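A short worksheet on the structure shown next.
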Amino acid sequence: MLSKFCSSKVVLNKLITKICLADTEYVIPYWGALEHHYGTNTHDHYFYEVCLITDGEGYYTEEDQEYLLKKNSLIVTTPEKRHQLKSQKGIGLLYFSFIPKEHEKSLISKIDFSQPVIDLDEQDPLILTWQALLNVTVLYKEAAESYGESIKHLAHCVLQLILDQSINHQKKDEVLIEITEQTELLKEIKQYIRDNKSNPLSVEDIAAHFFISKRQIFRLFKKYEPITCNNYIQQVKIEHAANLIRTTSMSITDIAECTGFSSPHYFSKVFTERMRDTPQNFRKLYSNANVSDFQKEDTK
């Protein structure tokens, strides 16, 4: 089973880096799987993360509220929520993260995630689809590109089923956000950040460019986004860096410079915090690394 988990992780990180549902694009920073996981320190991150418990028992803590985990428990962690996962005997889990583009206009911006843990039935469509995704990735042969389209369709279905679980029959017209001058300004600010992802950039720089105050920027992000402006700047830079690591042979030092970080050391620190792996190890996912390269990591 461990080999199956590891090979699935490698294939998915190569093939599924974004998913488009309706009018929203979801960037996928990583896919993962662990057979024996004993927990994490309390932390948060800038993306959404979904975990499905495949075996064992444990606890998930979010903002001082503790939830029991068991087989088929689904965890949806939202950005900047302090949380921790722990297990005495170890748990198996599948997980991936996603970032909706144009968050303020997407349906997910209004989904109620107040209950982060949902216990699913063994025959729930999400569980069956995720299992099918794993099984097909094991069959995938990169040289022949067989099963590639099936993997993409199944990955789309997994994300859609997760959103379906979370929406809980909300009507679409109840979750659409009104387009106002504020949302249009926020859209322009976010585009400016993306256009300048290769340069050093601060909230002060953005405020000066748009002739507005820093406080106004902070308010816009607080009202319409799940993360702060500073975290959004880092998010854009790390996404750009991850793409360069995945698609080029540039050195980590050059990538740090191309993404506007003050030093390679600081870049590696931020990248590791955001992506849960060092830039060097992240590159392995998109190289010709063998599955065995990841087995030692997953048994820790």
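Bear in mind these aren't lab numbers, they're just calculated from the coordinates by the rules spelled out. The structure displayed is predicted, hence computed values, not measured ones. Counting neighbours? That spans all protein chains shown, and the Cβs are built from the backbone with ideal geometry, glycine included.
Summary of computed values
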{"item": "Segment 57-70 - phi-based ³J(HN,Hα) in whole Hz, Karplus 6.51/-1.76/1.60, Gly and Pro as x", "result": "9, x, 9, 10, 10, 9, 6, 6, 9, 9, 10, 6, 10, 8"}
{"item": "Out-of-range pairs (alpha-carbon distance over 29 Å; input 222/269; 71/187; 71/222; 18/197; 214/269; 18/284)", "result": "71/187; 71/222"}
{"item": "Space enclosed by the convex hull of the alpha-carbon atoms of segment 203-284, per residue, Å³", "result": "102 Å³"}
{"item": "Angstrom value of the Kirkwood radius, inverse mean 1/r, which spans all Cα pairs in segment 16-102", "result": "13.5 Å"}
{"item": "Loop trypsin sites (Lys or Arg not before Pro), segment 30-112 (other Cβ atoms within 10 Å of the site Cβ: 13 or fewer; DSSP)", "result": "70, 82"}
{"item": "Principal axis box of segment 179-221, alpha-carbon based, largest edge first, Å", "result": "29, 18, 15"}
